[in-house]
Amino acid sequence: MPRNVLVVGELSEGAPTSTTIELVGAGSRLAGGGTVAVTLLGNGAAAAAAATFPAGATKAFTSDDANYDQFRSDQWLAAVESAFGLASPDLVLMAQSLVGRELAPRLAFRHNTAAAMDCVHLADDGGTLKVTRPVYGGNALATFSFATSPAVATVRAKSQDPIEPKAGASGETAELPAAGEARAAIIGREKVEAEGLQLQDAPVVVSGGRGLGSPDGFKLVEELAAAIGKDKAAVGASRAACDLGWYPPSQQVGLTGKVVTPDLYIAVAISGASQHMAGCSGSKTIIAINKDPEANIFKSARFGIVGDYRQVLPPLIAAIKAAR
Amino acid sequence: MHLVVCAKQIPDPETPPSAFKIDPQKNEVIPAPGIAPVLSQFDGIAAEAALRIKEKAGDTKVTVISMGAESAQQAIKQVLAMGADEGVLLNDPAFEKGDPHTTATVLAAAIKKLGHVDAVFCGRQAADWDWGEVGILIAEHMNWPVAIIAKGVELQDGKFRVQRVLEDGFQTVDVPMPSVITVSNEFGEPRYPKLQQIMQAARKTVTSWKSGDLGVDAGAVGAAGARLKLERLYIPEKEGKAEIMDAETPADQAKQLVEKLKAAKIL
Ligand SMILES: Cc1cc2nc3c(=O)[nH]c(=O)nc-3n(C[C@H](O)[C@H](O)[C@H](O)COP(=O)(O)OP(=O)(O)OC[C@H]3O[C@@H](n4cnc5c(N)ncnc54)[C@H](O)[C@@H]3O)c2cc1C
Ligand SMILES: Nc1ncnc2c1ncn2[C@@H]1O[C@H](COP(=O)(O)O)[C@@H](O)[C@H]1O
């Protein structure tokens, strides 16, 4: 049975985010010949639509209204509702982002259906949609089906592969209304992102944990990242380290922080709690440096050094510098 | 003012992975022996947020509500010991094995029964199923605005000024009263009750409401009303063990690791 899919897309500097492209790809795999519509809201939305057709979208609903640039859920919900009317979806997909976290439950509520959050696997099981998501802090996985329609799901970044781009593909477009009222008023906005390479884009992430013992420990972690290359490695942290104020929360890796999938993840003085691993277990290779040989992190790591990071990192930094 | 805190009791999320077990027949977590259930972390922080507002504003009542087993009294007592005024337990077999939608239906019915409420404080997500939905769905039931993932909340000119955690920083929003606010760990640690407060809380009676008291249709909540059907709950296979560098000194281990990384074309 064909399935109509509606993807709530997001823009970053006028282009669809990589997660939007992944969701459109997942949507086109699940559509089985149904339509794959995508909404794009904010400055540059209409122009950005072109990038979604090769990725698998068959329709794009856009509004170029800059009032959508900052996410206000009341405004976005109204826009997505109008797209919903045009697309008659059986399945609505959103990113597990600021937008999806709030919009998915609200949209589901308004259509007497349910939203499954933070899904990592979406499958068609003989015509029934089944979604799988980590639960119990990543200790377990749970597979759900929907008793109501449409199914609404938010999807973890990088969990879905985009499709092979269809060169020259095009699709229908339609315009969504401009932004209306919002009950919550945005008063201010503060960016506290690390300079340079962003965590999610970095091919290498070096993270520090509570075992560093003090904020000073992060200096060595930063040095290790710099030795690997400022253009290659970003620095992350466990929640314990962030909660202690040793590193900014924007750099937290894990269930309630960022999900990273680098080629190489180096965990320094991190025990490897399931909630932390939820944010890095998709890394190609994990290296653990921990003084406790029994630390959980060694179960997920490919390589490990058992020892005090204060003694291990300086020679490691030197050896990496020498190897480059 | 009247503030409500929604507090859930959950299996301890810090249970070591080796003690975390699932019954594959029942699709249920087997309680780890000797590890008591706890108040979901973020809900303790939500209580802290409500109590700080109460202290500043004065003349404010804080009611804590929990839907769950009889043992969830413990979670309620913990929030009472922190300084909440009244507790309500929503305990009914009809409420069991639901989903975020049915949970929010029960909690919203209880909030309506409480009468005048100025704000509801929830955790950003319950640290067992990690949905992050119930607060938002309560707001939808009440037709109130919601501000999620707060790290700061203050009462200002009859509105709540909420500092929210975003992916790349913070945002300050004003939400009118009444509204729902969900609180994240960036807010800070919840207070530790004093022994005397724990003893006072132990003596307080907790009101108990069932589906009949709330006027909710037993067929619309719990397993019967759930819109999300759990098909399978399982523990994912973990890959084996790390290859530990076995050279004598840390310096040699570091060199050994770099050699391995070069050989595997990782560096
Ligand atoms: C609902 C929920 C959500 C959560 N979300 C997240 C999340 O998003 N991200 C996250 O990270 N956590 C999260 N947590 C917390 C998580 O459960 C752990 O408490 C946390 O990850 C522990 O951080 P840590 O490994 O830095 O600290 P610890 O567990 O204290 O580990 C420190 C490690 O350092 C080692 N060590 C100590 N000294 C040294 C030394 N000198 N040299 C080398 N090693 C040393 C120790 O052996 C130990 O293994 C969450 C928890 C809950 C309940
Ligand atoms: N059974 C419950 N009793 C009381 N509050 C709950 C319950 N379930 C969820 N909540 C509240 O809703 C928040 C989000 O839960 P969830 O959507 O399940 O992740 C929790 O942090 C609690 O504040």
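Worth pointing out:
- Matching residues, segment A:271-295, being near ligand 1 (Cβ under 8 Å from one of its atoms), over 22 Å from the mean Cα position of the chain (by Cα) and either free of Cβ contacts under 8 Å to residues at least 60 places away in the same chain or surrounded by 22 or more Cβ atoms within 10 Å (Cβ to Cβ) (or both): A:289, A:290, A:292, A:295
- Across segment B:115-125, the qualifying residues are those that are assigned to a strand (DSSP E or B) and within 21 Å of residue B:206 (Cβ to Cβ), and the one among them that is farthest from ligand 1 (Cβ to nearest atom) is B:120.
- Matching residues in segment A:50-76 - criterion: being within 14 Å of another protein chain (Cβ to nearest Cβ), touching a Lys or Arg at 6+ places or on another chain (Cβ under 8 Å) and crowded, with 19+ Cβ neighbours inside 10 Å: A:73
- Extreme residue, farthest from residue A:145 (Cα to Cα), among residues of segment A:110-129 that are touching a Lys or Arg at 6+ places or on another chain (Cβ under 9 Å) and of a type in the set (Val, Ile, Thr): A:120
- Hits in segment B:135-164 - residues which are in a helix (DSSP H, G or I) and surrounded by 24 or more Cβ atoms within 10 Å (Cβ to Cβ): B:135, B:136, B:137, B:138, B:139
- Beta carbons closer than 6 Å, at least 6 apart along the sequence or on distinct chains, pair a first residue in segment B:199-218 that is in a loop (DSSP other than H, G, I, E, B) with a second that is at pLDDT 95 or above and surrounded by 16 or more Cβ atoms within 10 Å (Cβ to Cβ) for B:204/B:80; B:206/B:73; B:206/B:76; B:206/B:87; B:206/B:89; B:210/B:92; B:216/B:109.
- Of B:5, B:29, all but one fail to be away from ligand 1 (no atom under 13 Å from the Cβ) and in contact with a Leu (Cβ under 8 Å, 6 or more places away or on another chain); the exception is B:29.
- Taking segment A:86-100 as the range and being assigned to a helix (DSSP H, G or I), within 20 Å of the chain's Cα centre (by Cα) and in contact (Cβ under 8 Å) with a residue 60 or more places away in the chain as the test, the residues that pass are A:99, A:100.
- Taken together, A:154, A:143 contain a single residue that is in contact with a helix residue (DSSP H, G or I) (Cβ under 6 Å, 6 or more places away or on another chain) and surrounded by 16 or more Cβ atoms within 10 Å (Cβ to Cβ), which is A:154.
- The set of residues in segment B:126-149 being within 14 Å of ligand 1 (Cβ to nearest atom), under 19 Å from residue B:90 (Cβ atoms) and more than 7 Å from chain A (Cβ to nearest Cβ) consists of B:126 alone.
- Filter pass, residue A:37 being over 14 Å from residue A:86 (Cα atoms) and more than 18 Å from the chain's Cα centre (by Cα): no
- Scanning segment A:1-16 for residues that are surrounded by 17 or more Cβ atoms within 10 Å (Cβ to Cβ) and within 15 Å of residue A:40 (Cα to Cα) gives A:5, A:6, A:7, A:8, A:9, A:10, A:11, A:16.
- In segment B:123-134, the residues that are in the same structural domain as residue B:8 (by TED's automatic domain parsing) form Cβ pairs under 7 Å with partners that are polar (S, T, N, Q) and more than 9 Å from ligand 1 (Cβ to nearest atom), at six or more places apart or across chains, as follows: B:123/B:182; B:124/B:182; B:124/B:184; B:134/B:103.
- Some residue of segment A:167-184 being without any contact (Cβ under 8 Å) to a residue 40 or more places away in the chain and away from ligand 2 (no atom under 16 Å from the Cβ): no
- Residues that are in contact with a strand residue (DSSP E or B) (Cβ under 7 Å, 6 or more places away or on another chain), assigned to a loop (DSSP other than H, G, I, E, B) and surrounded by fewer than 22 Cβ atoms within 10 Å (Cβ to Cβ), drawn from segment A:101-140: A:113, A:120
- In segment A:198-219 there is no residue matching the filter, namely being touching a residue at least 60 places away in the same chain (Cβ under 8 Å) and within 25 Å of residue A:83 (Cα to Cα).
- Here residue B:186 meets the list (1) outside any strand (DSSP E or B); (2) among the charged types (D, E, K, R); (3) over 30 Å from residue A:260 (Cα atoms); (4) at the interface with chain A (Cβ under 8 Å from one of its Cβ atoms) almost entirely, failing just condition (3).
- When segment B:74-128 is filtered for residues that are in contact with a His (Cβ under 9 Å, 6 or more places away or on another chain) and at positive phi, only B:115 remains.
- Check on residue B:124, of a type in the set (D, E, K, R), modelled with pLDDT of 95 or more and under 26 Å from residue B:32 (Cβ atoms): yes
- Residue within segment B:165-180 that is in a strand (DSSP E or B), without any contact (Cβ under 8 Å) to a residue 60 or more places away in the chain and under 21 Å from the mean Cα position of the chain (by Cα) present: yes
- Of all residues in segment B:150-179 being hydrophobic (A, V, I, L, M, F, W, C), under 23 Å from residue B:126 (Cα atoms) and away from chain A (no Cβ under 11 Å), the one that is farthest from ligand 2 (Cβ to nearest atom): B:153
- Screening residue A:83 on (1) more than 13 Å from every other protein chain (Cβ to nearest Cβ); (2) among the aliphatic types (A, V, I, L, M); (3) closer than 24 Å to residue A:142 by Cβ shows it passes everything except condition (3).
The values are calculated or read from the model by the stated rules, or taken from the named source; none is laboratory data. The model shown is predicted, which means the values in this text are computed figures rather than measured ones. Note: ideal-geometry Cβ built from the backbone for every residue, glycine included; neighbour counts use all protein chains shown.
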